[in-house]
Every structure is written in C-alpha cells, then in structure tokens.
Amino acid sequence: MQVKYQKETLNEQSIFLFREFIQQRFDSPFHWHDEYELIYIKRGQGKLLAGNQVVNFNEGGLYLFAPGLNHAFFNSPVREQGNRNAHAVVVQFDGNFLGERFWEKTEAGIIGKMLQRSRQGILFQNIDKNLPAQLCGIGSIRGMRRLSELLLIMEKLAKTRYRLLAAAQTPFMEDKSDSKAVSDVFRYVAENF
C-alpha cells in the first residue's frame with residue numbers, strides 16, 4: 001500500500017460532492033486529494049491514519065481533512081463489528097468554491113479558521129445530536145438550499161469543540177519508497193492492534 005493521490009471529479013454543475021459508502025470494509029488506500037473532505041462514520045470502527053498519527057475511529061465520528069493531508073480508515077474485522085457493513089457519508093468541496101478570500105470575511109471567519117486547522121485533521125467532539133441527520137440529508141436536497149445547508153453545518157462545526165489529529169508539521173511523503181514503508185507499518189498497526 002502506498003500513499004496515493006486521489007483526484008475527485010467534482011461535477012462542474014455542482015459546488016460539492018456528496019457520497020455514501022456502504023461496504024464490508026472501507027477500502028480507500030492511504031491517500032490525499034485536492035479537496036476538503038468531511039466524513040461521518042455512520043457505522044464502523046477501527047484505526048484512522050491521519051498525517052503522522054494512528055487513532056481509533058468509532059461509529060458516530062465526524063472528521064474534517066484539508067487538501068493534501070494523508071488519511072485512511074481501516075476497519076476492525078467484520079466479526080468485531082457484528083457482521084454489519086461499514087457506512088460513511090462523505091462531502092468533498094474545493095476551498096475556493098465561494099471565492100478565493102471568502103473564508104477571510106467577517107461572516108465566514110470562524111469557518112475559515114476551522115478549515116485552516118483541518119490541515120492537521122479534525123475530530124469533532126460532542127456534536128449536536130441533529131447534525132448527523134442534517135449532514136446525511138444533504139444528498140436529497142437540491143438548489144441553493146443544498147449550499148446553504150452545507151454552510152450552516154460548517155458554521156455549527158466551527159463552533160463545536162474539536163480535537164486536532166496530526167502534528168502541526170505533518171510531512172508530505174513524496175518518495176514512493178518512504179511512503180510504501182510507512183504505509184506498510186500503518187497497515188500492520190491497523191490490522192493487529
């Protein structure tokens with residue numbers, strides 16, 4: 001397993017990408033991409049690799065990763081999950097979808113600070129009990145309400161307590177031999193501890 005660049009194709013007709021993954025195990029490799037990624041773990045548990053850290057993830061976890069931050073979710077064996085499929089809701093968006101300096105404006109500043117901090121990966125704590133349903137509901141909304149709903153969710157998250165996951169200066173691995181070695185170690189840890 002190597003660190004892989006994942007190019008997501010945002011529909012040119014849409015501002016952001018909404019997807020659900022329901023599968024036996026999350027199968028995305030240790031990867032990074034150009035978009036911000038908001039991930040809600042509806043079902044599943046295991047190890048999360050984020051930058052230079054390995055942490056546990058559980059059902060109900062909500063994460064935000066900035067562009068360029070390496071990350072991957074490795075499930076616990078299915079028997080430990082009660083033979084239930086893993087289920088994640090993912091929203092990806094370009095940081096400049098509202099303009100290059102939008103997040104610096106007064107009204108959006110709190111979200112902008114959260115997005116900057118997501119370079120280390122964020123785990124949101126004590127999220128509003130209605131927020132997961134609100135996030136999952138975005139997939140069925142159309143028009144401007146879809147965009148406004150995402151912005152309202154981001155504002156709620158920016159006001160929510162969160163924990164940074166990786167060190168401030170997480171190195172980006174460009175040498176394939178280094179990334180393979182590190183990825184092999186991460187996979188071993190995820191599968192055995």
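In table form, for the structure just shown:
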| read-out | value |
| --- | --- |
| For LYS42, residues with placed amide H under 5 Å, excluding near neighbours | GLY60, HIS87, ALA88, VAL89 |
| Distance from segment 29-77 to segment 82-116 (C-alpha centre basis), Å | 15 |
| Pair ASN130, GLU59: separation of 7 Å Cα→Cβ label points (nm) | 2.4 |
| Per residue accessible area of segment 33-124, 1.4 Å probe, in Å² | 41 |
| Calculated P(r) of segment 100-175 - Cα pairs past 17 Å, % | 55 |
| Over segment 115-157, volume per residue of the alpha carbon convex hull, in Å³ | 81 |
| Length-normalised contact order for segment 22-131 - Cα pairs under 8 Å, 6+ apart - percent | 34 |
| Amide H contacts of SER76 (H built 1.01 Å from N, under 5 Å, at least 5 apart or other chain) | GLN45, GLY46, LYS47 |
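The values are calculated or read from the model by the stated rules, or taken from the named source; none is laboratory data. Since this is a predicted model, take the numbers as computed values, not measurements. Note: ideal-geometry Cβ built from the backbone for every residue, glycine included; neighbour counts use all protein chains shown. Areas reflect the complete protein model, heavy atoms only, side chains present, ligands, DNA and RNA absent. Shrake-Rupley method; radii C 1.70, N 1.55, O 1.52, S 1.80 Å.
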